[in-house]
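To start, the structure under review is shown below, and the notes come after it.
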Amino acid sequence: MATQPRPAAQPGRLLWRVGEVFEVVEETPTTKSLVLSVPGWEGHKAGQHVDVRLTAEDGYQVQRSYSIASAPEDERLAITVDRIEDGEVSPYLTEDLMAGDGLELRGPIGGYFVWERGLGGPLLLVAGGSGVVPLMAMLRHRAASGSGAPAKLLFSSRSQEEVIYRDELERLAEADEKLEVVHTLTRSQPEGWEGYARRIDEEMLREVAPSPSEEPLTFICGPTPLVEATAAALVELGHDPAGVKTERFGPTGG
Amino acid sequence: MVEGFISRGFRGRRRQPNNAQLPPGQYETKGFPVLSAGPTPHVPLSEWDFTLVGEIDEAKRWSWEEFQALPSEEITKDIHCVTKWSKFGTRWGGVSVDTLLGNVETSAAYVTAFCDGGYTTNLPLEDVTGGKAWVAYAYDGEPLEPAHGGPARLLVPHLYFWKSAKWVRGLSLLSHDEPGFWESLGYHNYGDPWREQRYQGD
């Protein structure tokens, strides 16, 4: 692997590095986590992302951003990638990349949509689909750091099979009475499902979210309609807009 | 650049037909993704105004109606978001910043755009004058939607799109450069997509 000396004149510059895929974990039929060993990685905060760059043999390159899924405490860096059917990058990452392959990346990036133990709680996390990834980093950090901050995750998925991190979320919630995970399944529900079965709306948030007087730290990540609807409903319910942080993604070429 | 690194088995789709239009590291999208750091503010037009403050003899203020009465322009430009998408030939309507600054005497060399919701972004004055920047209130012939920055947003298409501040309410003219919201959070202070100035130090 080629390395490049850090230019002393530009402290804090984000250099491209080559990580090695340690493990590929199937999360759902379309979603995989890439667990990476990244030499010289200087750590990150929960909620940050990395830029990934792919280079073909003739020098053709493409870049995309992916949220970091692992906690700062974890030994390796993980990203979770949802396969976009006609995408250029995500099919390569989810189907071609194998343990032992190199992956070029730089980061961590972003300093606003982040949560650290010292910020306390209560935490309100609202996710749609793979928007759960940066929020999972927060929940993993919360567990690994022994934060006792009360936390709720409201997680919208199309079906039970498409719930990313389903088992781990269940384990985390079972082991921690201050963590509550609430699912809504918008397209299909398993037999006997008694949970929410519709898109996130104001009524659901009134039932699930801490009251505005508790001043929750709110992080919302998902497709734009979910983020817009959730943020607007929370403001309507009386939450301070300054306490609501949003991050979005859309299938724009993934 | 990590010299010589090749992504094993990656060929790529090379689906960018307008390569000369595409800055490094960008891809073309036909959609119009929405990105913002918090809830979309909704200020009634009766309460909306646009102000010029800072290093000028007298602050200036336009109500929504007064702003609509200013000479407007049709602008067609490519836009480039730091999150990697570019969109070609976007059509806007609005007021040139040259028009707003027309009669203003200032010693300022920088501006900070300020917005509903508390967002700010900083630019050299010369990057918002000379036909390079607008306050846009129409997109594709329609009033600009709140999610895309309506009622009005700054439009500075030659820089990464976070400089085109949504929900803009005014410009503060400054003698010194003051990093804005993303510029204080690790993003590049200037943000030229053609030099791929995404993050600090790029």
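None of the figures in this text is laboratory data; all of them are computed from the coordinates on show. Everything numeric in this text was worked out from a predicted model, so none of it was measured. So basically every Cβ, Gly included, is an ideal-geometry build from the backbone, and we count neighbours across all protein chains shown.
Dipole magnitude for segment A:117-249: about 420 debye, using +1 per Lys or Arg Cβ and -1 per Asp or Glu Cβ, origin at the Cα centre. Among A:Glu203, A:Glu191, A:Glu85, which one shows the highest mean-square fluctuation when chain A is modelled as a Gaussian network with alpha-carbon springs under 10 Å? In the Gaussian network model the winner is A:Glu191. Since only A:Leu14, B:Thr83, B:Val168 are under comparison, the one whose Cα sits farthest along the positive direction of the charge dipole of the protein assembly as shown, derived from C-beta charges on Lys, Arg, Asp and Glu, is A:Leu14. Taking amide hydrogens as placed 1.01 Å from N in the peptide plane, the amide H of B:Thr121 sits under 5 Å from those of B:Ala113, B:Phe181, each at least 5 positions away in sequence or on another chain. Rounded, prolate or oblate: which one fits segment A:1-130, using the alpha carbon gyration tensor with axes a ≥ b ≥ c (rounded when a/c is under 1.5, else prolate when a/b beats b/c, else oblate)? Here segment A:1-130 falls in the oblate category. Using a Gaussian network model on chain A with a 10 Å cutoff between Cα atoms, which of A:Leu226, A:Leu119, A:Leu169 fluctuates the most? Comparing A:Leu226, A:Leu119, A:Leu169 in the GNM, the peak value goes to A:Leu119. From the alpha carbon centroid of segment A:12-79 to that of segment B:57-110 is 38 Å.
Rounded to whole numbers, the Karplus 3J(HN,Hα) couplings from phi for segment A:55-61 are 10, 7, 4, 8, x, 4, 10 Hz, using 6.51 cos²θ - 1.76 cosθ + 1.60 with θ = phi - 60°, and x at Gly and Pro.
The Rg/Rh ratio of the protein assembly as shown, with Rg taken over Cα atoms and Rh as the Kirkwood radius over Cα pairs, comes to 0.97. Which of rounded, prolate, oblate describes segment B:42-194, given a ≥ b ≥ c as roots of the alpha-carbon gyration tensor eigenvalues and a/c under 1.5 marking rounded, otherwise prolate only if a/b is larger than b/c? Rounded. Where a ≥ b ≥ c are the square roots of the eigenvalues of the C-alpha gyration tensor, would you call chain A rounded, which needs a/c under 1.5, or, failing that, prolate if a/b is larger than b/c, or oblate? Since a/c reaches 1.5 and a/b is larger than b/c, the shape of chain A is classed as prolate. Segment A:Glu174..A:Glu20, full-extension length gain: 52.1 nm, with 0.36 nm per residue of separation and the alpha-carbon distance subtracted. Here the contact order of chain A, divided by its residue count and restricted to Cα pairs under 8 Å and six or more residues apart, works out to 18 percent.
Springs join every pair of Cα atoms under 10 Å in this Gaussian network model of chain B, and among B:Arg153, B:Arg169, B:Arg61 the largest mean-square fluctuation is at B:Arg61.
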